[in-house]
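Read the structure below first, then the notes.
The values are calculated or read from the model by the stated rules, or taken from the named source; none is laboratory data. Predicted model, so just to flag it, every value in this text is computed and none were measured. For neighbour counting, all protein chains shown are included, and Cβ atoms are generated from backbone atoms with ideal geometry for every residue, glycine included.
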Amino acid sequence: MCGIVGYVGRQGCAEILLDGLGKLEYRGYDSAGIAIGVEDGSVQTVRAEGKLKNLQRAYYQAPFEGLVGLGHTRWATHGSPTESNAHPHRAGRVIIAHNGIIENYASLKEELLASGRTFESATDTEVVAHLIDRELEKNPDLSLHQATQNMLALIEGSYALVIMSTSNPDELIVARHASPMVIGLGEDEYFAASDIPAVLAHTRQFIFLEDGQTAILRRDGLQIFDEQGNSVEMTPRRINWDPISAEKQGYKHFMLKEIFEQPARIADTLRGRLSKELDDVILSEVDISKEWLANVQKIVIVACGTSYWAAQISKHMIERHARIAVECDLASEFRYRDPVLDENTLCVAISQSGETADTLAAMRMAQELGAKTLGICNVVESTIAREANGVLYTHAGPEIGVASTKAFSTQLIASALLAIWLGRRRGNLDAQGASELIQTLRTVPNAMEKILLDAEQYESIAPDFADAQSFLFLGRGPQHIIANEGALKLKEISYIHAEGYAAGELKHGPIALIDEHLPIVVIATKDRVYDKVVSNLEEVKARGGRVIAVVTEGDNHVVNFAEKVFFVPDAHEFIQPILTVVSMQLLSYYIADFKGTDVDQPRNLAKSVTVE
Ligand code: AGP
């Protein structure tokens, strides 16, 4: 998830671009750059690794100015965050900034290399610049827009593009598919941006480009085209947000914004990783050989906090579909026991930040004991990602809210991909079985959108439960894990004590807690243990417990035992935990918001625990 800003108008744009990139910092950056068309018709570029202030420092060392330009902050998904990989990228007369993933860039790059073109970076974006430049080279009479349209017919994947060229220095070309792009309208000036905050200081009139659309921005006007190249009229919308709420895209908290962006981030995490035949998973970055995997005796997964609950779900998925024994350890516990592992062990470290001290130490310990290691991380080139033998990135984008939401659900997606990948390579999952699981994974974004449509239902019950002193969360199997994640979400943002428990354990103690003051959240979705969970639910109701149930849509039985019922779409067991966790997130968010706690930065908590 990167940040892009573009400008065409009547004023020097350097400050506009740099300020705009600053407003997109929440989208993450590990490198950045700007390019501006200067008076002599050339385009000057400056790029810098690391924080935005490095770019500003580099720019002011040798400033340049012009009326047309573009800028980019990179949140690396392919290729390390170096200056050479930073955008804007240039190929011949074309300069480009891109947000998204070009899935077929490798084959296109091979073709371009074979034709004698050379590359400076490891990015997919540079390939796009070469494709446009090649079109202009083949036919100098082509407009930049036509050359761009010809390129778009060749690529597959997601993109938001801002393009300029030395042969057409007075215009920007914009294109989008599956990555956001807005166009700001000013007085004889136009803006392009990944998100509203980047240019809200200059205009409140915006057009939201739709998938497949392209646009030409010139000082004297704006043209928008549909996928077929037909001119279309779009009605601008006035945005009245203040700058701060604009960074949250109008949501009250980053956590709520990140809950709602999960379908898109899950689509990003799946993108480019499903074989064309949809009967296998492509995890090129994992870099662990099939031969070595054949001898793996067990997998140990180490993690902390919410990532530990992702580890437990991963265990269920891998044992069920890859038939490899999996142990899960809290990293802080793993470090101080005497684990039995060796060169036939795969140690998986799950960490959003890739910097959690206990998880890093546990992974290093496993390496010292001979295990191969695999990181499942959200931050490219983080310490765990760098030191592991292989890495599987979630593409959740920067997660600003301390309470992990989209990072967790994309960790579950990554775990599901890993389970299929392992199962196919161990020979325990055939093509048909893999295809069924992959088709199921592809339904997650839409199924999740359905749950998010019910958000107001969760908001409406918050006042009824905000005064509770404690909550119990119950489930069985993978839903027992989600019950624990739900308890963690509630306690860390609302400061209400909460405990997740295996529903089958009720009689072994926690049933003594039940009375009319204790809310009990029960996850009772239609799965192999549904009937067992329902009988637990009846036990709770019989003792006066206040039941909040999460059930499969169409279930009209549980409603007889619950004070409140939330529905999730009927889904394959493989993806049910990925759906029910959204209910947990929404319930905990609205209770905390009603209580008025600092949802995005709860007391005593840090986003990344880099100390023991
Ligand atoms: C989750 O909501 C918490 N913020 C916390 O438990 C977090 O999951 C834990 O600190 C692990 O962080 P990591 O994934 O970056 O390693």
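Output the number of residues of region 542-552 satisfying the condition of being in a loop (DSSP other than H, G, I, E, B) and either free of Cβ contacts under 8 Å to residues at least 24 places away in the same chain or under 15 Å from ILE482 (Cα atoms) (or both).
Going through region 542-552, the residues in a loop (DSSP other than H, G, I, E, B) turn out to be 543-545.
Going one step further and asking which of them are either free of Cβ contacts under 8 Å to residues at least 24 places away in the same chain or under 15 Å from ILE482 (Cα atoms) (or both), we end up with none.
Final tally of qualifying residues: 0.
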*From the set of residues in region 396-425 that are of a type in the set (D, E, K, R) and within 12 Å of the ligand (Cβ to nearest atom), which is surrounded by the most Cβ atoms within 10 Å (Cβ to Cβ)?*
LYS406
_Any residue that is more than 16 Å from the ligand (Cβ to nearest atom) and in a loop (DSSP other than H, G, I, E, B) - is there at least one of those in region 303-310?_
no
*Taking VAL568, is it farther than 30 Å from SER353 by Cβ and buried (at least 20 other Cβ atoms within 10 Å of the Cβ)?*
no
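Select from region 363-385 the residues that are assigned to a strand (DSSP E or B) and of a type outside the set (A, V, I, L, M) and write down the one among them that is farthest from LYS298 (Cα to Cα). Talk me through it step by step, then tell me what you get.
Looking only at region 363-385, we keep the residues that are assigned to a strand (DSSP E or B), and these are 372-377.
Filter once more, keeping what is of a type outside the set (A, V, I, L, M): 372-373, 375, 377.
Numbers: LYS372: 11, THR373: 12, GLY375: 16, CYS377: 21 Å.
Among residues in region 363-385 that are assigned to a strand (DSSP E or B) and of a type outside the set (A, V, I, L, M), the one farthest from LYS298 (Cα to Cα) is CYS377.
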*asked:* Please pick out the residue among LEU330, LEU369 that is hydrophobic (A, V, I, L, M, F, W, C), at negative phi, at pLDDT 95 or above and more than 13 Å from the ligand (Cβ to nearest atom).
replied: LEU369
*Filter region 565-604 down to residues that are part of a helix (DSSP H, G or I) and of a type in the set (Val, Ile, Thr), then give me how many there are.*
5
*Looking only at region 499-541, which residues are in contact with a Phe, Trp or Tyr (Cβ under 9 Å, 6 or more places away or on another chain) and assigned to a helix (DSSP H, G or I)?*
PRO510, VAL534, LEU537, GLU538, VAL540, LYS541
*asked:* Name the single residue that is farthest from the ligand (Cβ to nearest atom) among those in region 487-498 being part of a helix (DSSP H, G or I) and either closer than 20 Å to GLY544 by Cα or touching a residue at least 40 places away in the same chain (Cβ under 8 Å) (or both).
replied: SER494
_Go through region 387-442 and report how many residues are free of Cβ contacts under 8 Å to residues at least 40 places away in the same chain, not aliphatic (A, V, I, L, M) and not in a helix (DSSP H, G or I)._
2
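Does ILE350 satisfy the condition of being under 30 Å from GLY100 (Cα atoms) and not in a loop (DSSP other than H, G, I, E, B)? Give the steps one after another, and end with the answer.
Values: under 30 Å from GLY100 (Cα atoms): yes; not in a loop (DSSP other than H, G, I, E, B): yes.
Taking the combined requirement at face value, the residue satisfies it.
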_Suppose we filter ASP211, ASP226, ASP242 for residues that are acidic (Asp, Glu), more than 19 Å from SER415 (Cβ to Cβ) and modelled with pLDDT of 95 or more; which single one remains?_
ASP226
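How many residues does region 158-170 hold that are over 20 Å from the mean Cα position of the chain (by Cα) and either without any contact (Cβ under 8 Å) to a residue 24 or more places away in the chain or crowded, with 24+ Cβ neighbours inside 10 Å (or both)? Give the derivation first.
Step one: filter region 158-170 for residues over 20 Å from the mean Cα position of the chain (by Cα), giving 162-170.
When the remaining residues are screened for being either without any contact (Cβ under 8 Å) to a residue 24 or more places away in the chain or crowded, with 24+ Cβ neighbours inside 10 Å (or both), the result is 162-165.
Qualifying residue count for the region: 4.
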*State the number of residues belonging to region 268-289 that are surrounded by 18 or more Cβ atoms within 10 Å (Cβ to Cβ) and in a helix (DSSP H, G or I).*
4
_Enumeration of residues in region 99-128 that are farther than 21 Å from ARG271 by Cβ, in a helix (DSSP H, G or I) and touching a residue at least 12 places away in the same chain (Cβ under 8 Å)_ = LEU112
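Identify the residue in region 28-68 that is touching a residue at least 40 places away in the same chain (Cβ under 8 Å), assigned to a strand (DSSP E or B) and under 28 Å from the mean Cα position of the chain (by Cα) and, among all such residues, is surrounded by the most Cβ atoms within 10 Å (Cβ to Cβ). Outline the logic, then answer.
Taking region 28-68 as the starting set, the residues that turn out to be touching a residue at least 40 places away in the same chain (Cβ under 8 Å) are 28-35, 37, 41-43, 45, 47, 59, 63-68.
From what is left, the residues that are assigned to a strand (DSSP E or B) are 31-35, 37, 43, 45, 47, 68.
Keeping just the survivors that are under 28 Å from the mean Cα position of the chain (by Cα) gives 31-35, 47.
Numbers: SER31: 26, ALA32: 34, GLY33: 26, ILE34: 30, ALA35: 28, ARG47: 24.
Among those residues, the one meeting the criterion is ALA32.
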*For region 576-592, indicate whether the set of residues that are more than 17 Å from SER404 (Cβ to Cβ), within 16 Å of the ligand (Cβ to nearest atom), within 34 Å of the chain's Cα centre (by Cα) and modelled with pLDDT of 95 or more is non-empty.*
yes
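What residue, of VAL547, VAL558, VAL599, is surrounded by 20 or more Cβ atoms within 10 Å (Cβ to Cβ), among the β-branched types (Val, Ile, Thr), touching a Leu at 6+ places or on another chain (Cβ under 7 Å) and within 26 Å of ALA403 (Cβ to Cβ)?
VAL547
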*Give region 121-135 a look and list any residue that's at pLDDT 95 or above and surrounded by fewer than 23 Cβ atoms within 10 Å (Cβ to Cβ), or say none.*
ARG134, GLU135
*Report yes if some residue within region 355-362 is surrounded by 24 or more Cβ atoms within 10 Å (Cβ to Cβ), within 8 Å of the ligand (Cβ to nearest atom) and either assigned to a strand (DSSP E or B) or of a type outside the set (D, E, K, R) (or both); otherwise report no.*
yes
*Inter-residue pairs, beta-carbon under 9 Å, first closer than 13 Å to PRO463 by Cβ and in region 590-612, second more than 13 Å from the ligand (Cβ to nearest atom) and among the β-branched types (Val, Ile, Thr), 6+ apart*: TYR590/ILE461; ILE591/ILE461; ILE591/ILE496; ALA592/ILE496; LYS595/ILE496
*Filter region 280-302 for residues that are of a type in the set (Val, Ile, Thr) and under 29 Å from VAL609 (Cα atoms); which is nearest to the ligand (Cβ to nearest atom)?*
VAL302
